[in-house]
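Worksheet for the structure shown next.
The values are calculated or read from the model by the stated rules, or taken from the named source; none is laboratory data. Quick caveat: nothing in here was measured; it's all calculated off a predicted structure. Glycine also receives a Cβ, built like all others from the backbone with ideal geometry; neighbour counts cover every protein chain displayed. Side chains are part of the model used for accessible areas, which takes the heavy atoms of the whole protein and leaves out ligands, DNA and RNA. Shrake-Rupley method; radii C 1.70, N 1.55, O 1.52, S 1.80 Å.
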Number of protein chains: 2
Amino acid sequence: MKLASLKHGRDGKLVVVSNDLAWCADASAIAPTLQAALDAWDRVAGDLANLATDLEHEAIPMMRFHERLAAAPLPRAYQWADGSAYVNHVALVRQARGAEMPDSFWHDPLMYQGGSDGFLGPRDAIPLRDEAWGCDLEAEVVVVTGDVPLGATRDEALAAIRLVGLTNDVSLRNLIPGELAKGFGFFQSKPASAFSPVFVTPDTLGDRWQDGKLVGTLMVDLNGKPFGRADAGADMTFDFGTLIAHAAKTRALGAGTIIGSGTVSNRDADGGPGKPIAEGGLGYCCIAEVRTVETILRGAPETPFLKAGDTVRIWAEDERHHPIFGTIEQTVEAG
Amino acid sequence: MKLASLKHGRDGKLVVVSNDLAWCADASAIAPTLQAALDAWDRVAGDLANLATDLEHEAIPMMRFHERLAAAPLPRAYQWADGSAYVNHVALVRQARGAEMPDSFWHDPLMYQGGSDGFLGPRDAIPLRDEAWGCDLEAEVVVVTGDVPLGATRDEALAAIRLVGLTNDVSLRNLIPGELAKGFGFFQSKPASAFSPVFVTPDTLGDRWQDGKLVGTLMVDLNGKPFGRADAGADMTFDFGTLIAHAAKTRALGAGTIIGSGTVSNRDADGGPGKPIAEGGLGYCCIAEVRTVETILRGAPETPFLKAGDTVRIWAEDERHHPIFGTIEQTVEAG
């Protein structure tokens, strides 16, 4: 089952979307918003699934689904907690600045509490007031949970995953060092994230959902050129079950909690930092990583951060090369 | 005007509460929940104020208001961002561990993104799975905002303040050093916060609301004994307008954003760390601070963190010594 929220008020209007993303059906008689559906999942999931089946059979009134009319599936959420599960990415960033990475990073997940009061839709511009802030994309996988009890095990956590999707976790790189030095984590350096037009239930993913990981290539284009083709299923040190259980160690998580994987990142075949796509590598899911690799190889970063007019595309494909979650496609806008 | 949410479903049921907190009136015909009221504030605030006036005149059906039946006014929220505006508190904590505090802390607010997917009601137990985590109370002032535009000035921020209240920002002190060392801020160390039964509009506070600060004593009792009597209006380096503008520097804030002051803390009259109430001082708004003072004065902390059965009370009084926001009154519960 694939779900989306058409732009409408603060919380969007819930629709069920066909597998090929061409059509959708109004689901608001079952639940007016995706948050409402997640709040009452056990009661409404069956009805939503029936609606999805009827939509595939063209047995109900249906509308064309236009990704540009979609809001983030949860236009605002009660929780957005982003992990850093591709520890390779963290190791590289540390290596570039000559800092050692504690060994504990390989068994104790990094996670930060993100702002969730307003998200960007998949086609919304990325507003940027000051290019000196160092605006970056971060292509990530996310899951949405139901209620997760305090102290949930990894298995309980995995069972609480309701939906899977993608995010562009916009980051202001040049604000990060100052904020992290203050010790309280990210705040100004993490403006609103954007999400894929469609979130899908794990069963829809078939073999692409394994052991709490999305398997397959996460596609990232920057200004129309291939920038990242990393495998989201490889080098993910902590699966989503482990990330959710980490988040629930000292508190229950409310339905509609979004948990992020952190920037997807693959090691090169020889174990070293990945190469650009133009050099036969898998590329990158954020600009900071290519700058890190440039620094390691040639002493200084070369790829600039995002500026007004730059475009970012993020998607993942099924076996027929159709986008599974639709496409995040954003332009940076001054202001 | 005073507002509360009676326990009901995930988001409570909105009521208007009388000034003396004895009575309330169902406001759900105007807005079913406090979040719904904040989402449509310009349209509904007048109707809510009229209902409040009718309630004071006993001109409408009214019910007894029982604080034990109240949820947090926002039982869950889209954003909870907590500042650390009483820089004295930060300076003391640093002094105790022999670390210097950067001068920038006096002009650049500290703020962390807190979890907002589920809050404790004013009488709810504080669940504690492990006393070794070092459970602490933190008595703070909070405001709730309407929509705040990206890049809002302090004046725009002040104008966006809809409600004022109190929180017990529960903290797990012994988990903090490890989390902060990882660089991503608080997560497991900040379980669910509790809020005062009632939030009030700034105009209700009269002289007690000045320049974006709550003026007057924040009362804290620990196990039935006076523990803190600090003045919330004194030593607050950053007023709420400044805190909100800081939060809105790189992103808009959605209606219903809760902004916290951080632990209230007063300097002693001689400029040094405050004394316990039993020694004629104003006491403390968290256990960490008394432990810090004990460490500075006598080399080691003496007051233990919270354990099962301990009780915490937090409130603020009007000129007739009636609680303005009701009382947070919680017992720590194992499990």
When residues of segment A:91-114 are limited to those that are open to solvent by less than 40 Å² (accessible area, probe 1.4 Å) and at the interface with chain B (Cβ under 10 Å from one of its Cβ atoms), the one modelled with the lowest pLDDT: A:F105
Matching residues in segment B:10-43 - criterion: being open to solvent by 40 Å² or more (accessible area, probe 1.4 Å) and among the aliphatic types (A, V, I, L, M): B:A29, B:I30
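Any idea which residue in segment A:62-86 is nearest to the other protein chains (Cβ to nearest Cβ), counting only those that are farther than 30 Å from B:Y112 by Cα and in contact with a strand residue (DSSP E or B) (Cβ under 7 Å, 6 or more places away or on another chain)? Break it down stepwise before answering.
Quick first cut of segment A:62-86, residues farther than 30 Å from B:Y112 by Cα only: A:62-70.
The next check asks that each one be in contact with a strand residue (DSSP E or B) (Cβ under 7 Å, 6 or more places away or on another chain); those that pass are A:62-65, A:69-70.
Numbers: A:M62: 30, A:M63: 26, A:R64: 30, A:F65: 26, A:L69: 21, A:A70: 19 Å.
It comes out as A:A70.
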Failed criterion for A:G151 (all others in (1) in contact with a strand residue (DSSP E or B) (Cβ under 9 Å, 6 or more places away or on another chain); (2) farther than 30 Å from A:D270 by Cβ; (3) part of a loop (DSSP other than H, G, I, E, B) hold): (1)
Of all the helices (runs of 4 or more DSSP H) wholly in segment B:1-109, which have at least 2 residues that are not assigned by the TED database to the domain that holds B:S261? B:34-39, B:41-56
Tell me whether segment B:220-241 contains one or more residues that are of a type in the set (S, T, N, Q) and within 22 Å of A:R129 (Cβ to Cβ). no
Can you find even one residue in segment B:258-273 that is open to solvent by less than 10 Å² (accessible area, probe 1.4 Å), out of contact with any helix residue (DSSP H, G or I) (no Cβ under 7 Å at 6 or more places or on another chain), among the hydrophobic types (A, V, I, L, M, F, W, C) and more than 22 Å from B:N223 (Cβ to Cβ)? yes
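In this structure, is A:T250 of a type in the set (S, T, Y) and within 23 Å of A:A37 (Cα to Cα)?
Values: of a type in the set (S, T, Y): yes; within 23 Å of A:A37 (Cα to Cα): no.
In short, no.
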Collect the residues in segment A:221-256 that are more than 17 Å from the chain's Cα centre (by Cα) and on the phi > 0 side of the Ramachandran plot, keeping them in residue-number order. A:N223, A:G224
Evaluate the following for B:G165: is it at positive phi and modelled with pLDDT of 95 or more? no
Can you name the number of the only condition in (1) part of a strand (DSSP E or B); (2) of a type outside the set (A, V, I, L, M, F, W, C); (3) within 13 Å of chain B (Cβ to nearest Cβ) that A:D117 fails? (1)
Subset of segment A:132-156, residues more than 13 Å from every other protein chain (Cβ to nearest Cβ) and surrounded by fewer than 22 Cβ atoms within 10 Å (Cβ to Cβ), comes to A:T153, A:R154, A:D155, A:E156
Going by the conditions given, is A:G134 under 18 Å from the mean Cα position of the chain (by Cα) and at pLDDT 95 or above? no
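Can you find, within segment A:157-175, the residue that is nearest to the other protein chains (Cβ to nearest Cβ) among those that are more than 19 Å from the chain's Cα centre (by Cα) and touching a residue at least 40 places away in the same chain (Cβ under 8 Å)? Spell out how you get there, then give the answer.
Step one: filter segment A:157-175 for residues more than 19 Å from the chain's Cα centre (by Cα), giving A:159, A:174-175.
After this cut, where a residue has to be touching a residue at least 40 places away in the same chain (Cβ under 8 Å) as well, the list is A:174-175.
Details: A:N174: 11, A:L175: 7 Å.
Here the answer is A:L175.
What's the total number of residues in segment B:59-74 that are open to solvent by 20 Å² or more (accessible area, probe 1.4 Å) and touching a residue at least 12 places away in the same chain (Cβ under 8 Å)? Talk me through it step by step, then tell me what you get.
As a first pass, look at segment B:59-74 and keep what is open to solvent by 20 Å² or more (accessible area, probe 1.4 Å): B:59-64, B:66-69.
Filter again for touching a residue at least 12 places away in the same chain (Cβ under 8 Å), leaving B:60-64, B:67-69.
Result for segment B:59-74: 8.
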Filter pass, A:P323 being farther than 18 Å from A:G206 by Cβ and of a type outside the set (D, E, K, R): no
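Would you mind listing the strands (runs of 3 or more DSSP E) fully within segment B:187-292 where at least 3 residues are away from chain A (no Cβ under 14 Å)?
Details: elements: B:217-222, B:225-231, B:258-260.
Strands (runs of 3 or more DSSP E) meeting the threshold: B:217-222, B:225-231.
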